[in-house]
Structure formats: structure tokens, C-alpha cells
Amino acid sequence: MQTLSAALADKGIAPFSDVSTAAEVADLARTTGIVVGHRDSNQNGITAITARAEPAGESSGLAGFTRTALALHTDRSGITEPPHLLFVACARAVATGGECVTVDACAIYDDLARCDPEALADLSTPRTVLFGGAAGYLGAVFTSLADERIAIRLRFDKLAKFSPLAARHLPVLREVIDRHSNTFSLQPGEGYVLDNHRWLHGRRAFTGDRLLYRVHANPRPSFALPRGFRPAHASASNAA
């Protein structure tokens, strides 16, 4: 557990293994945090993610329960305080495809700071994206936190409405995201935990009857894990 905590504090993401049941992933989450329930979870905060008979429309936020590709996103973007940690464990593997895709928002932010600072400024402007529909959260892609840290909040489906100021930068944002994306496969018993305020996650289309278990959690006070990331310019100024 110490290795998992250290990796989260350092990179905001950590793999784990030998966790393949709903109870095991929930127990792992509880060693670090307090489990947070979800619309689709059971009473213990565990969501079983498997393909349903028909693709569920993007507008309802149920695309994860299909076999189609799932665009990169952060979880629960439509609420004021999205959960800090996301645990995902594989119980049953795919037949083909289904690679996990992740992107470190620190790399996205630093890339935009170098190549398109205007885009970064506009994507950091408050109240420029409505997440989660009419009753959702009005915010920005990048939000400043304490101690020069930054959090990301993002989705590309119909539950995100971008203002003209932010929307004009979506092509360059997608290009930068593509430059920094990572892909990997999960076998039964394998999984990962990530900082939902730092990492985007998604998946490629797949065939077969894969089963994943997902748990959201917030770190316990004893596990002092700061949200988000510190961009390169902040690290450089502190080192000076």
C-alpha cells in the first residue's frame, strides 16, 4: 500500500494487481480513502462496468456501458466536487481491443503553455464550460487550486457545452491530448488508481464480455494527497 500511495503522490496514477472481485477493489479503495457512491453504483459504492444490449446514448452519460470507444474524460464533471480518486479493476478480459487510454493533464497544460498560451488562458477562464447538462456545473477545463496547483475537468460528449471562447480551442486541445496519450491493456486481476483531478481516462472499442469494477473515493485525512498537479512553470519558480 505504501508503494501505491507514493506513486499517487508522485505521478497521480498507480497500477495494482491481484485484485479481481468487487469486494477486493472496494477494500483497496478503503485502505486509502472514503468510498463515494455513484448513480450507477451499488450500496457499497461499486459499479460493475459491462456492455449492455444496446448502445446507451451519450446524452445520458452511459456510453461506458457499451462496447464502443469511450472518449477521454474526468469522472463526475457535472458536480461541484468530483471524487478525487478513481479505482478500476478488471474481472473479465475483452476478446479484442478495449485498451485503456490515459493522459496526464500536467503534460497537456505544459504543452499548451509552450505552444498556445492563448488557448491555455481561455480554457482556464471560469464559467466557460457547462458540464453535466442544465443542472450541472459551470466551470472551466483548467482550474487554479491552492499552492500553484491546477485541476482538470473535461468531457467531450453531449453533456459538455463549451462557450465560444473555449470552443474555438478544442481542435488544438484534442491535438495536444493525442500527443500525450498512453495506452495499455488490463488482464483479470489487474487495475489502476488515478487522481481524477489530474488524469483523463477512456478506452478503445472492444469485442467480448469484459467486466470491470469501478470505485470512486476521496483520500482519508491521514493520506495527505493534494488534488491535481503542479505545472512546470510553478516547479521552476519554486526551485529558483
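The values are calculated or read from the model by the stated rules, or taken from the named source; none is laboratory data. What you see is a predicted model; the values in this text were computed from it and never measured. Cβ sites come from the backbone with ideal geometry, for glycine too, and all protein chains shown count toward neighbours. With ligands, DNA and RNA removed, areas are computed over all heavy atoms of the protein, side chains included. Shrake-Rupley method; radii C 1.70, N 1.55, O 1.52, S 1.80 Å.
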Taking only Cα atoms of the chain, radius of gyration then Dmax in Å: 17.4, 57
FRET efficiency, ARG127 to ASN44 (Cβ-Cβ, R0 30 Å, nearest 0.05): 0.25
At ASN182 and LYS11, where each label point lies 7 Å from the Cα along Cα→Cβ, what is the point-to-point distance in nanometres? 0.4
Most packed first (mean Cβ within 10 Å per residue), the peptides 214-222, 161-169 order as 214-222, 161-169
Roughly how many whole Å is it from the C-alpha centroid of segment 199-213 to that of segment 1-53? 15
Would you mind working out the accessible area per residue for segment 78-202, using a 1.4 Å probe, and quoting it in Å²? 41
Based on the mean of other Cβ atoms within 10 Å per residue, sort peptides 127-136, 23-32 so the most packed one is first. 23-32, 127-136
What's the FRET efficiency of ALA146 with THR21 using the Cβ-Cβ distance as r and R₀ = 22 Å, to the nearest 0.05? 0.05
Please give the length that would be gained between GLU99 and SER222 if that part of the chain were fully extended, namely 0.36 nm times their separation in residues minus their C-alpha to C-alpha distance (nm, one decimal). 40.9 nm
In whole percent, and with a 1.4 Å probe on the protein chains, what portion of the accessible area of the chain is carbon and sulfur? 52
